[in-house]
Amino acid sequence: MTLRQLLLLTAGVGLLAAAALTPLIGSGYAMSMAINLLMFTALATAWALFSGPTGYISLATVAFFGIGAYTVAVVGEALPWGLVLALAAGLGFLVALVVGLSTLRLRGVYFVIFTFGLAELIRQLVTWYEANHAGSVGRFVFLDISQAQIVWQLTAVTAVVFLLGALLQRSRLGLTLRMIGDDETVALHCGANTTAAKLLAFSLSAALMALVGAIVAPRWTYLDPTIAFNPVVSFQVLIMALLGGAGRLYGPLLGVIPLVLLFEYLSAHFPNHFSILLGVTFLAIVYLVPNGVAGLAERYLGRPRPSQPAAAAPAQPKEGTS
Amino acid sequence: MTRAPILTVDGLSKRFGGLVAVDGLSFSVYPGEIVGLLGPNGSGKTTTMHLISGALKPSAGSIRLGGDEIAGQPPYRIARLGIARTFQLVRVLGSMTCLENVQAGLAFGPGALAGKAAAQRAHALLERVGMHPLADRPAGELTYLDQTRLELARALAVRPRLLLLDEWLAGLNPSELVEGIALLRALREDGITMVLVEHVMDAIRSLCDRCVVMNAGRKIADAQPEAALSDPEVVRAYLGDDDA
Ligand SMILES: Nc1ncnc2c1ncn2[C@@H]1O[C@H](COP(=O)(O)OP(=O)(O)OP(=O)(O)O)[C@@H](O)[C@H]1O
Ligand SMILES: [Mg+2]
């Protein structure tokens, strides 16, 4: 293990420990901040597991998050909690698998639009079902789960997301995802089954998002599709991952911390203009830090991989990659 | 030759809408051979390479690698069966280092390598194409020439029984050309079977055992280089059929 990896590991364990301790020493407000921070860290890091290396930008985060939350609303009282969580993750995985089979052929902006449409479609389907078959659009979630328990469960899931991410980076699947991000045609001709790799990573990431949705669902005592499938969540996760830098495992975290604080401030002080300010934040980030904070930091603090620009390399027109 | 062919293309066709880019093409490649695939611009050479490597699905015809029918199979499966290729417009994994580019070729299929063994083999392959000093350089920052050499190293990493090179020597200056031809000849000494699409006549004469010449999607000659290049129909195809 290099010094750099040791430092990152220590920092990660320290942050998680601090989060896990908030219920013991902090106020109710501190706990709700911890939940927000952990929730978005887990979501943005899970998002970057797939979208970071492949460059497939997904706006379906809230579709899977909402599936998890709704699993709790529907069967939360009937089944043991562990089983509810497993069911939520399993459903997220399955839906992603089915959707991925049709979606992952699309590239670029088409994929973005499809994933956004998917989240809206699922929201409409749930609304329709609840109104016509369940009797009312909203549901009450009465579970004996405290804020503190939510914090601890989220801490555990966040740790799992980071662990999976670290394993993924060392695996052949991780290599395949990076190859796909660079040039999918080359990946195919190297012998990589790119469709299988994309499906697996997309579904894994979706399962984690659904798990997060299930864990935070007891926070709302009342749940309806506009809450569970709020598209703003997908955009927030995207901005956070991009601000931090989706190319590194710890990147999204660097975006989550400042933006959770900023969004907290904005929604407290400008509740009526929140969406506009969200949009402005988005534009500013894409314009000012295209490679993310992690990219900026590593440029100034030295990179893990040596890469001086080729001394004699003329400006090389980049070949189109289908 | 008495040995069984390694590649047998039979009645291969590909149409794009109304255009027939490859039209009933048949030829064989034997183990250890270098076959040149020639023809004027737009005659269907690259399309043929795409069909053999699985990048495109044939409209009709069969392609056999050894005993396996591979026509219409996905490219990753064809790569795992032992067909590696380079691209007419060079393609590298730009954000990854040269070493990682070669490791990408080593990572899949039977005999795949990972970890230390992969790094060692990748270094050896970079050395083979004369690029080991650039092992840690991101491939996107390389010069055009180095990118073509990296592509070759990556293709060799796939452990090909058959290597497809699409104008791999194009764009080289005379001294680079000499180097490139020497490298391909060295690969031939190692017994690697190749199909080369080339316009560079020096390269064709000094490398190819046999030439298949195409025009408008059809095969018009299949002979040793001198015989193929002096074939009247080939000469007419290259000079342009103004009278047609
Ligand atoms: N994807 C495609 N869709 C439609 N037409 C295509 C496609 N690819 C190739 N063609 C056409 O098929 C014909 C053969 O093209 P191909 O690229 O195989 O020629 P080539 O022999 O490699 O030529 P060159 O020497 O210029 O590389 C051309 O007329 C080309 O315009
Ligand atoms: Mg061509």
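Identify all residues within the stretch B:196-235 that are within 14 Å of ligand 1 (Cβ to nearest atom) and closer than 20 Å to residue B:128 by Cα; write none if there are none.
Correct list: B:196 only.
Output the residues belonging to the stretch B:40-75 that are more than 15 Å from the chain's Cα centre (by Cα) and either among the small types (Gly, Ala, Ser) or not assigned by TED's automatic domain parsing to the domain that holds residue B:198 (or both).
B:42, B:43, B:59, B:60, B:61, B:62, B:66, B:67, B:71, B:72
Restricting attention to the stretch B:49-69, which residues are more than 8 Å from every other protein chain (Cβ to nearest Cβ) and among the polar types (S, T, N, Q)?
Matches in the stretch B:49-69: B:59, B:62.
Condition check: surrounded by 19 or more Cβ atoms within 10 Å (Cβ to Cβ), more than 8 Å from every other protein chain (Cβ to nearest Cβ), in contact with a strand residue (DSSP E or B) (Cβ under 6 Å, 6 or more places away or on another chain) and of a type outside the set (Lys, Arg). Does residue B:169 satisfy that?
On the way: surrounded by 19 or more Cβ atoms within 10 Å (Cβ to Cβ): yes; more than 8 Å from every other protein chain (Cβ to nearest Cβ): yes; in contact with a strand residue (DSSP E or B) (Cβ under 6 Å, 6 or more places away or on another chain): no; of a type outside the set (Lys, Arg): yes.
Criteria not met by residue B:169.
Mind telling me which of the residues B:133, B:160 ends up being over 13 Å from residue A:186 (Cα atoms), assigned to a helix (DSSP H, G or I) and either of a type outside the set (Lys, Arg) or away from ligand 2 (no atom under 16 Å from the Cβ) (or both)?
Of B:133, B:160, the one residue that is over 13 Å from residue A:186 (Cα atoms), assigned to a helix (DSSP H, G or I) and either of a type outside the set (Lys, Arg) or away from ligand 2 (no atom under 16 Å from the Cβ) (or both) is B:133.
Does residue B:150 meet the test of being touching a helix residue (DSSP H, G or I) at 6+ places or on another chain (Cβ under 8 Å), more than 16 Å from ligand 2 (Cβ to nearest atom) and either among the small types (Gly, Ala, Ser) or under 20 Å from residue B:106 (Cβ atoms) (or both)?
Yes; evaluated as a whole, the condition is true for this residue.
Count, please, the residues in the stretch B:70-87 that happen to be at the interface with chain A (Cβ under 10 Å from one of its Cβ atoms) and out of contact with any Pro (no Cβ under 8 Å at 6 or more places or on another chain).
Here the count works out to 10.
Scan the stretch B:39-53 for residues that are closer than 17 Å to residue B:200 by Cβ, more than 6 Å from ligand 1 (Cβ to nearest atom) and modelled with pLDDT of 95 or more and jot them down.
B:49
Pick out the one residue from B:3, B:85, B:15 that is touching a strand residue (DSSP E or B) at 6+ places or on another chain (Cβ under 8 Å), over 17 Å from residue A:179 (Cα atoms) and not small (Gly, Ala, Ser). Can you show your working first?
Values: B:3 fails: touching a strand residue (DSSP E or B) at 6+ places or on another chain (Cβ under 8 Å); B:85 fails: over 17 Å from residue A:179 (Cα atoms).
From the options B:3, B:85, B:15, the qualifying one is B:15.
Please determine, by comparing only the residues of the stretch B:88-117 that are facing chain A (nearest Cβ under 7 Å) and aliphatic (A, V, I, L, M), which one is surrounded by the fewest Cβ atoms within 10 Å (Cβ to Cβ).
B:89
Hey, could you check the stretch B:7-24 for residues that are within 29 Å of residue B:189 (Cα to Cα) and crowded, with 23+ Cβ neighbours inside 10 Å and say which is nearest to ligand 2 (Cβ to nearest atom)?
Restricting to residues being within 29 Å of residue B:189 (Cα to Cα) and crowded, with 23+ Cβ neighbours inside 10 Å, the top hit is B:9.
Quick grid of which residues meet (1) at negative phi; (2) touching a helix residue (DSSP H, G or I) at 6+ places or on another chain (Cβ under 9 Å):
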position	(1), (2)
B:20	yes, no
B:36	yes, yes
B:39	no, yes
B:42	no, no
B:51	yes, no
B:57	yes, yes
B:61	no, yes
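Let me confirm something: among B:152, B:142, which residue is surrounded by 18 or more Cβ atoms within 10 Å (Cβ to Cβ) and under 19 Å from residue B:83 (Cα atoms)?
That would be B:152, the only listed residue that is surrounded by 18 or more Cβ atoms within 10 Å (Cβ to Cβ) and under 19 Å from residue B:83 (Cα atoms).
Please list, ordered by residue number, the helices (runs of 4 or more DSSP H) wholly in the stretch A:189-290 having 1 or more residues that are within 14 Å of chain B (Cβ to nearest Cβ) and among the β-branched types (Val, Ile, Thr). Walk me through it before giving the result.
Details: elements: A:194-216, A:225-228, A:231-244, A:251-269, A:274-288.
Output list reads A:194-216.
The values are calculated or read from the model by the stated rules, or taken from the named source; none is laboratory data. Fair warning: this is a prediction, and the values are worked out from it, not measured in the lab. Methodologically, a virtual Cβ is constructed for each residue, glycine included, from the backbone with ideal geometry; neighbour enumeration extends over all protein chains shown.
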